[in-house]
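S.K.: Questions regarding the structure given below will be posed in turn.
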Amino acid sequence: MSKIEKKVNKEIVNYVVAVLSGTTKSNFKLIAVSNREAKDIKKLTDIDIKDFSRYLIPDSVRHIIKRHGVKGSADSSMQDIDDIAIMEYVLANYDTITLLEKGARPFLNKDGTHAKAVRYQKKINGNYYIAEAIPDTKKKELIVMTAYKSAK
């Protein structure tokens with residue numbers, strides 16, 4: 001078993017399969033926000049996310065597959081569901097995190113403006129990226145929007 005295979009969360013694999021088969025419409029709660037991450041995001045966005053929860057939602061799963069799956073419109077970097085299922089490893093061990101200028105268009109803050117978004121990057125056989133929305137609302141939820149990889 002490779003190092004990456006050890007990082008695969010089988011619950012995420014099962015969730016992705018359930019979303020794609022239409023047997024679930026619920027959100028999947030991902031790992032908690034680390035102190036390092038909260039500090040980095042506070043610097044980038046001025047939003048305190050210490051008490052936020054993080055979710056992978058069905059729309060994001062479908063987006064990842066549509067854009068980056070086997071017949072992805074952008075690439076096929078996420079054609080293996082196990083690649084999606086290492087998402088928590090990437091979030092916990094990111095190398096860099098950057099603010100996305102465009103923000104998170106489908107997600108809104110409590111004042112109706114577009115939520116801010118960040119991109120995590122981790123070097124794994126090339127680069128693995130996760131874009132996450134940070135809506136500043138009472139819900140205190142981070143939403144993974146997409147994930148993809150670049151070539152080695």
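The values are calculated or read from the model by the stated rules, or taken from the named source; none is laboratory data. What you are looking at is a predicted structure, and each value in this text was computed from that prediction instead of being measured. Positions of Cβ are generated from backbone atoms using ideal geometry, with glycine treated the same way; all protein chains shown enter the neighbour counts. Calculation scope for accessible area: heavy atoms of the full protein, side chains included, ligands and nucleic acids excluded. Shrake-Rupley method; radii C 1.70, N 1.55, O 1.52, S 1.80 Å.
S.K.: Does V118 satisfy being of a type outside the set (D, E), within 19 Å of G72 (Cβ to Cβ), touching an Asp or Glu at 6+ places or on another chain (Cβ under 6 Å) and modelled with pLDDT of 95 or more?
M.R.: no
S.K.: Can you list residue pairs whose Cβ atoms sit under 6 Å apart, with the first residue in region 83-97 being more than 9 Å from Q121 (Cα to Cα) and the second being assigned to a loop (DSSP other than H, G, I, E, B) and open to solvent by less than 30 Å² (accessible area, probe 1.4 Å)? Count only pairs 6 or more apart in sequence or on different chains.
M.R.: From residues that are more than 9 Å from Q121 (Cα to Cα), the pairs are I84/M78; A85/V8; I86/V8; E88/L30.
S.K.: How many residues does region 52-75 hold that are over 18 Å from F107 (Cβ atoms) and touching a residue at least 12 places away in the same chain (Cβ under 8 Å)?
M.R.: 4
S.K.: Also, quick follow-up: Would you check which residues across region 12-33 are within 15 Å of the chain's Cα centre (by Cα) and open to solvent by 20 Å² or more (accessible area, probe 1.4 Å) and list them?
M.R.: Result: V13, N27, F28, K29, I31, A32, V33.
S.K.: Quick check on my filter: what residues within region 14-28 are in contact (Cβ under 8 Å) with a residue 40 or more places away in the chain and either among the hydrophobic types (A, V, I, L, M, F, W, C) or farther than 18 Å from I143 by Cα (or both)?
M.R.: Residues satisfying the conditions are V16, V17, V19, L20.
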